[in-house]
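Contents: one structure, followed by commentary.
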Amino acid sequence: MRVLVTGGSGFIGGRLIPKLVECGHEVYSLERYVTGRYVLGAKAMTVFGDLRDSFTIRKLVREVQPDSVIHLASISPVSFSYDHPQEVFEVNTLGTINLAESCLREVPNFRQFLMAGTSEEYGNQTEIPIKEDAELRPNSPYAVSKVAADKYLQYMCEAYDFPATVLRPFNTYGREDNTHFVVERTITQMLQGKKIKLGDPQPVRDFMYVDDHANAYLACLGNKKVIGDIFNFCTGYGVSIKELIGQIAKLVGFDGEIIWGTIPTRPLDIKKLVGNCEKAKHVLGWKPKYTLEGGLRKTVDFWKHKLNMGDEEAAR
């Protein structure tokens, strides 16, 4: 199958593309040109384009003629979206529209469009764990941009039988080159013996290891059962940020100072974001392979190696 992956040089794309190549797919990685950011060693063909440029995207899709698209590209940090809402909407919403419309109009036998939605679309819910049919209550520019893209694809499904599927993954960790997010930031700071500065310890989240996230796309790709549907991908297990940090500290052997309340709170925040993935289990046979402890241990081990620390040094 010829698969076009957007955001191929990003967090999930970097794990997913080698898996797609290993499965025998012909993979094209759509990237926005940024010096030094490339998909390396994955045997994927790289094509360049900005999702905001409808002319370029339509021409690119016409030339590649993908059977399927896995649309991962987005501006994802929620905190960034508060100060840059226009840019976030241009990439996340308009970019999705440009890409989907191009596939509809330029690929005669287009088979599947898999979009990376987000658990942030749900916002604050009263029923936990959250199922796919919950009312969407986005409470950040990022979440609103994703809901808009989600709704546009639903419209295309109904109007044109466009073969779209929305995946809503919950909080994912296991990054190997980005310490902006809480798990990786905490691990690296603890390994370096720094004071840990964090925000609110009370929010509860459902943390999923990156390989489980990547495998969700493999479970959906080529599966006609998912067309026109929405799936949560998560563990179903909620942990507070305070409990999460405690688990990381135990794995690292960190007994230094943790300072809470040092990061500005969001204008609106989600108190508890825990998903229900029974639908993915029953329809796709997908389920998370990694426990939180197991995934955190792999992430800690990776960062120890990257920072050139042995167990003895990291524990100091």
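Every number here is computed from the coordinates shown, using simple stated rules; none is lab data. Everything numeric here is computed off the predicted structure, so don't read it as measured data. As a convention, Cβ positions derive from the backbone with ideal geometry for all residues, glycine included, and neighbour counts pool all protein chains shown.
A few notes on this one:
- Placing unit charges on the Cβ atoms only, positive for Lys and Arg and negative for Asp and Glu, gives the stretch 203-304 a dipole magnitude near 320 debye about its Cα centre.
- Estimated 222 nm signal from helices in the chain, with DSSP H stretches of n ≥ 4 weighted -39500 (n - 2.57), rounded to 500: -12000 deg cm²/dmol
- The chain - percent relative contact order, Cα under 8 Å, separation 6 or more: 17 percent
- In order through the stretch 162-168: 3J(HN,Hα) via Karplus (6.51 cos²θ - 1.76 cosθ + 1.60), integer Hz, x for Gly, Pro: 5, x, 9, 9, 10, 9, 10
- Cut-off under 5 Å, modelled amide H: who pairs with ASP229 long-range: VAL166
- If R0 equals 22 Å, the separation of the Cβ atoms of SER240 and ASP177 corresponds to a calculated FRET efficiency of about 0.20.
- With a threshold of 28 Å on the Cα-Cα distance, the over-threshold entries among LYS59/LYS131; LYS242/LYS304; LYS151/LYS242; LYS271/LYS304; LYS225/LYS298 are LYS59/LYS131; LYS151/LYS242; LYS271/LYS304; LYS225/LYS298.
- Fraction of antiparallel bridges per DSSP, the chain only, in percent to nearest 5: 5 percent
- Full extension of the chain between ASP200 and ASP229 yields a length gain of 7.0 nm, computed as 0.36 nm times the residue separation minus the alpha carbon distance.
- GNM flexibility winner over the chain from ILE75, ILE196, ILE263 (Cα, springs under 10 Å): ILE263
- Neighbour counts of other Cβ atoms within 10 Å put LYS59, LYS224 in the fewest-to-most order LYS224, LYS59.
- FRET efficiency for GLN86 and LYS306, using Cβ-Cβ distance with R0 set to 41 Å, rounded to 0.05: 0.70
- Lys, Arg +1 and Asp, Glu -1 on Cβ, resulting dipole of the chain about Cα centre, debye, nearest 20: 320 debye
- Shape class for the stretch 212-316: oblate, because the ratio a/c of the largest to smallest gyration tensor axis (alpha-carbon atoms, square roots of eigenvalues) is 1.5 or more and b/c is at least a/b.
- Charge dipole (Cα centre; +1 on Lys/Arg Cβ, -1 on Asp/Glu Cβ; no other charges) of the stretch 250-289 amounts to roughly 380 debye.
- Think of the chain as having a plus end and a minus end, set by charges on the Cβ of Lys, Arg, Asp and Glu; of GLY228, PRO169, PHE302, PHE302 sits farthest toward the positive end of this dipole.
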